[in-house]
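Trainee: Dropping the structure in here first, questions after.
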Amino acid sequence: MPEKKTFRITHNRKWCKDCGICVAVCPKKVYEIDRSDRHAIVNPQNCIGCRMCVEHCPDFALTVEEAKNE
Amino acid sequence: MSEKMVLMQGNEAVAEGAIAAGVRFYAGYPITPSSEVAETMAKRMPEVGGTFIQMEDEIASIMAIVGASLAGKKVLTATSGPGFSLMQEGLGYACMVEAPIVILDSMRYGPSTGMATKVSQMDLMQTRWGTHGDHWVIVLSPSSVEESYQLTIRAVNLAEKYRNPVIVLSDETISHLREPIDISIPPVLVERRLPTAKADYLPYRTDESLVPTVANVGTGFRTSCTGLVHGESGFQTANGHVAEALVERLRDKLFNNLDDIIQFETDRVEDADVLFMSFGITARGVSEAVETLRSHGRKAGSLRFITLFPFDDDRVRKAAGNARTIVVPELNSGQLVLLVKRVFGDSRKVVPMNKINGDLISPQEILNFLREENL
Amino acid sequence: MRLDLLRSERLPNIWCPGCGNGIVLRALLEAIDQLQLDPDNVVLVSGIGCSSRAPAYTAFDNVHSLHGRAIPVATGIKLANPDLTVIVVTGDGDSSAIGGNHLIHAARRDVDITVVVFNNYNYGMTGGQASPLTPTSSITTTTPNGMLDRPFDLVKLAAGAGATYVARSGIYFAKHLVDHLKKAIAHDGFSLVDAVAQCPTYFGRFNRKGSAGQMVTSQKDWMVLKSVAEKKTPEELAGKVIIGEFVNIERHAPVSAAAPKEQA
């Protein structure tokens, strides 16, 4: 059985404006806007690497890379 | 007529002068009395490997020459009052991004569309103050076909040297005048300074010349420009200190070089008791009037402005001799005279002489004016 | 997208949270990257408005010009140096109101430049006023009782004026947008891409379009692919915006009257 791919999400706090577009476009509920109206990565393990968040981030604040097995 | 001489119209002389100076891009829009410049360039640009484009209006024309200038070409456009009004926003932009451009404004009668085929000198202050905000331009004024040719060359050179718009302020009469001129001597050409090193490149960094070495676009410098206030990087800022330094530099890069930029022509100023100050076509009537007055024993003299702007009060004062009376004939309701009065205050008698019926001021009218005004 | 196509030192950008401009800019950089253009040969020219700030965030030569005037500046640059890839970054007001005359004439001339319209249906920088692309009945700060006029169909306008490549896409359809930007840039002749984005701060708020996220995802409800739309009735397409490629024809080949005639 092939191993499930995992992905590493990087979030540039300095460029992010907490707009929530990543929350809206992510099919796997990886992100949330938290109670203090801040961007939060809450379910990184759910990421399937579709990069919808990357393509729709207006602030170039997200990258998603396939994690290499160590 | 010697073999060196060619018969040329004023507008053709502007076009040929521009070509001799290295202009290889022309964008324009037809307007009387400047259209022959476009017509000449439409034929000549392809012959010299240049580009001619007729744009959809004068706004587009000036922006297209700014674009071509930013890409490294020496450029020209030509227009008259109504079109020059439309070009004002582009003129301010060229001042701000320091794009070398040359504009011919062939003055016709205004305001508005006025009288398209009648001469005036009503755009003088528009050349200086037509666009909004503190800014500085160089304005050169030919009074013959030969000078239309020579001053267009000089305009291109000054534009490139100081990275600034230069306006050749001609008029309907000079534009359409035909005179023999000598174009046999190849002009000395000035090339804009360009950056040498890509490392630490900042487009608007300057040395003591205060003229930046902005890279031409498409040469690998990844350069930036904006009409917004900008620092050395070429990127927008709202910092008041940067703004102040920028606007001061735009002034000082010209005003530190007034000896290079300002030219007058003087005639028997030294002992004159009546001095005429004029520019452009009007200076030709003055020249003959001075001859006649001198032949009658009257000590008349003339100061003709070849460079109208920058206008330096001290230089005008020094060039004006000691004449107690200064007469300022011009084809408008009094524009140059405002500057002359600023220079002399109450120390001399400064007398405006204005004609606004679309005709020229004749030498006889100048003589009559002196008699009637007891000058 | 290669992050080195951005001027990182200029970020974060000035745009409001949730603004669509950054999404179009990313797509544009992705398209330039995928086309493997030499960054030294790309020039971005813009006018005035929110979208026109985009070129200053890129690592290319960038010329921030005057309101509506990016196209004549781009025309001058392209004619002065035809080897360059010249891309105009503009907004709906910048391109179709104050710059409308320049747009149609550049299309008519078929100048080999690409115009990317960041279309958010209003003037954002000045506070959410109506533009020529604001849909009828929409609320803006200058149409408090609803927009009375009909908007331009920018695709038809460009096509009618002679553009040889015209496409429309939306920021939700990011790959579709990148794909059409690539085709537009690679096209030999005048090309235009109407890139529909969102202004959550003004147009969205005034017209109850929901959050930025909702404005992005709702594009899939009111945008229809051209291939799908072709099978639908006008009734079914009421209120929908069709995206895809509308014009892709060979460049107009000028013939000079002075060109030497071929020998018989």
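The values are calculated or read from the model by the stated rules, or taken from the named source; none is laboratory data. Quick caveat, the model's predicted, so the values are computed rather than measured. Ideal geometry is used to build each Cβ from the backbone, glycine not excepted, and the neighbour counts take in all protein chains shown. To get the accessible areas, we keep the full protein, side chains included, count just its heavy atoms, and leave off ligands, DNA and RNA. Shrake-Rupley method; radii C 1.70, N 1.55, O 1.52, S 1.80 Å.
Trainee: For B:Val327, are the conditions met, namely being in contact with a strand residue (DSSP E or B) (Cβ under 6 Å, 6 or more places away or on another chain), over 30 Å from B:Lys253 (Cβ atoms), crowded, with 23+ Cβ neighbours inside 10 Å and free of Cβ contacts under 8 Å to residues at least 24 places away in the same chain?
Mentor: Considered against the rule, which asks whether it is in contact with a strand residue (DSSP E or B) (Cβ under 6 Å, 6 or more places away or on another chain), over 30 Å from B:Lys253 (Cβ atoms), crowded, with 23+ Cβ neighbours inside 10 Å and free of Cβ contacts under 8 Å to residues at least 24 places away in the same chain, B:Val327 comes out as no.
Trainee: Right, here's the next one. So which residues in region B:321-375 are assigned to a helix (DSSP H, G or I) and not hydrophobic (A, V, I, L, M, F, W, C)?
Mentor: Answer for region B:321-375, where residues must be assigned to a helix (DSSP H, G or I) and not hydrophobic (A, V, I, L, M, F, W, C): B:Lys341, B:Arg342, B:Pro363, B:Gln364, B:Glu365, B:Asn368, B:Arg371, B:Glu372.
Trainee: Of everything in region C:146-180, what is closer than 19 Å to C:Leu29 by Cα, part of a loop (DSSP other than H, G, I, E, B) and more than 12 Å from the chain's Cα centre (by Cα)? Give them in sequence order.
Mentor: Of everything in region C:146-180, those that are closer than 19 Å to C:Leu29 by Cα, part of a loop (DSSP other than H, G, I, E, B) and more than 12 Å from the chain's Cα centre (by Cα) turn out to be C:Tyr172, C:Phe173.
Trainee: Additional query: Give the residue, chosen from C:Asp194, C:Asp149, that is open to solvent by 50 Å² or more (accessible area, probe 1.4 Å) and of a type outside the set (S, T, N, Q).
Mentor: C:Asp149
Trainee: Something else: B:Thr113 - would you say it is without any contact (Cβ under 8 Å) to a residue 60 or more places away in the chain, among the polar types (S, T, N, Q) and under 16 Å from B:Asn11 (Cβ atoms)?
Mentor: Answer is no for this residue.
Trainee: What is the one condition in (1) β-branched (Val, Ile, Thr); (2) closer than 30 Å to C:Ser52 by Cβ; (3) touching an Asp or Glu at 6+ places or on another chain (Cβ under 8 Å); (4) more than 14 Å from chain C (Cβ to nearest Cβ) that B:Ile281 does not satisfy?
Mentor: Failed condition: (2).
Trainee: Consider B:Ala60 carefully, then state whether it is touching a Pro at 6+ places or on another chain (Cβ under 8 Å) and more than 14 Å from every other protein chain (Cβ to nearest Cβ).
Mentor: In short, no.
Trainee: Please determine whether any residue of region B:299-320 is in a loop (DSSP other than H, G, I, E, B), farther than 24 Å from B:Lys161 by Cα and in contact (Cβ under 8 Å) with a residue 40 or more places away in the chain.
Mentor: Yes: one or more hits.
Trainee: Run down A:Lys14, A:Lys5 and say which single residue is within 14 Å of chain C (Cβ to nearest Cβ) and part of a loop (DSSP other than H, G, I, E, B).
Mentor: Among A:Lys14, A:Lys5, only A:Lys14 is within 14 Å of chain C (Cβ to nearest Cβ) and part of a loop (DSSP other than H, G, I, E, B).
Trainee: If you don't mind, there's one more thing I want to ask. For region B:1-71, list the strands (runs of 3 or more DSSP E) that sit wholly inside it and hold at least 3 residues that are open to solvent by less than 20 Å² (accessible area, probe 1.4 Å); which are they?
Mentor: Filter on region B:1-71 gives B:23-28.
Trainee: Moving on. Only helices (runs of 4 or more DSSP H) wholly contained in region C:181-244 count here; list those with 2 or more residues that are more than 14 Å from chain A (Cβ to nearest Cβ).
Mentor: C:226-229
Trainee: If I ask for residues that are in contact (Cβ under 8 Å) with a residue 12 or more places away in the chain, charged (D, E, K, R) and under 23 Å from A:Cys57 (Cα atoms), which ones from region C:206-252 would you list?
Mentor: C:Lys220, the sole residue that qualifies.
Trainee: Take the conditions modelled with pLDDT under 95 and either touching a Phe, Trp or Tyr at 6+ places or on another chain (Cβ under 8 Å) or open to solvent by 10 Å² or more (accessible area, probe 1.4 Å) (or both) and apply them to B:Gly334. Does it pass?
Mentor: For B:Gly334, the condition - modelled with pLDDT under 95 and either touching a Phe, Trp or Tyr at 6+ places or on another chain (Cβ under 8 Å) or open to solvent by 10 Å² or more (accessible area, probe 1.4 Å) (or both) - is not met.
Trainee: B:Ile174 - would you say it is hydrophobic (A, V, I, L, M, F, W, C), in contact with a helix residue (DSSP H, G or I) (Cβ under 7 Å, 6 or more places away or on another chain), open to solvent by less than 10 Å² (accessible area, probe 1.4 Å) and under 28 Å from B:Pro310 (Cα atoms)?
Mentor: The answer is yes for B:Ile174.
Trainee: State yes or no: is A:Pro2 modelled with pLDDT under 95 and open to solvent by 30 Å² or more (accessible area, probe 1.4 Å)?
Mentor: Taking the combined requirement at face value, the residue satisfies it.
Trainee: Something else about it: How many of the residues making up region C:121-137 are out of contact with any Leu (no Cβ under 9 Å at 6 or more places or on another chain) and open to solvent by 10 Å² or more (accessible area, probe 1.4 Å)?
Mentor: Result for region C:121-137: 8.
Trainee: Here is a follow-up. Only one of (1) modelled with pLDDT of 95 or more; (2) more than 20 Å from A:Lys17 (Cα to Cα); (3) within 12 Å of chain B (Cβ to nearest Cβ) is not met by C:Asp4, so which one is it?
Mentor: (1)
Trainee: Something else about it: Name the single residue that is farthest from B:Ile59 (Cα to Cα) among those in region C:58-68 being surrounded by fewer than 24 Cβ atoms within 10 Å (Cβ to Cβ) and more than 7 Å from every other protein chain (Cβ to nearest Cβ).
Mentor: Applying the filter and picking the extreme gives C:Thr58.
Trainee: Could you tell me whether region C:8-20 includes any residue that is closer than 22 Å to B:Cys225 by Cβ, within 16 Å of the chain's Cα centre (by Cα) and in a helix (DSSP H, G or I)?
Mentor: no
Trainee: Next question. I need the full set of residues from region B:72-100 which are under 11 Å from B:Gly130 (Cα atoms), open to solvent by 20 Å² or more (accessible area, probe 1.4 Å) and more than 9 Å from chain C (Cβ to nearest Cβ), in order please.
Mentor: B:Ser85, B:Leu86
Trainee: Also, quick follow-up: Residues to consider are B:Val217, B:Val269; find the one that is of a type outside the set (Phe, Trp, Tyr), away from chain C (no Cβ under 14 Å) and open to solvent by less than 60 Å² (accessible area, probe 1.4 Å).
Mentor: From the options B:Val217, B:Val269, the qualifying one is B:Val269.
Trainee: If I ask for residues that are crowded, with 16+ Cβ neighbours inside 10 Å and of a type outside the set (Val, Ile, Thr), which ones from region A:26-43 would you list?
Mentor: A:Cys26, A:Tyr31, A:Glu32, A:His39
Trainee: Quickly run through region B:241-265 and pick out the residues that are open to solvent by less than 50 Å² (accessible area, probe 1.4 Å) and assigned to a helix (DSSP H, G or I).
Mentor: Residues satisfying the conditions are B:Val242, B:Ala243, B:Leu246, B:Val247, B:Arg249, B:Leu250, B:Asp252, B:Lys253, B:Leu254, B:Leu258, B:Ile261.
Trainee: Looking only at region C:90-110, count how many residues are part of a loop (DSSP other than H, G, I, E, B) and surrounded by 24 or more Cβ atoms within 10 Å (Cβ to Cβ).
Mentor: Of the residues in that region, 1 qualify.
Trainee: Checking the conditions here, which among C:Ile71, C:Ile87, C:Ile77, C:Ile48 is open to solvent by 20 Å² or more (accessible area, probe 1.4 Å), under 25 Å from B:Ile59 (Cα atoms) and touching a residue at least 12 places away in the same chain (Cβ under 8 Å)?
Mentor: Just a single option satisfies the conditions, and that option is C:Ile48.
Trainee: Here is a follow-up. So which residues in region B:117-137 are of a type in the set (Asp, Glu) and within 21 Å of B:Leu228 (Cα to Cα), if there are any at all?
Mentor: Matches in region B:117-137: B:Asp134 only.
Trainee: Taking the residues in region C:18-43 that are within 12 Å of chain A (Cβ to nearest Cβ) and charged (D, E, K, R) as candidates, determine which candidate is most open to solvent (accessible area, probe 1.4 Å).
Mentor: Residue satisfying both the conditions and the ranking: C:Glu30.
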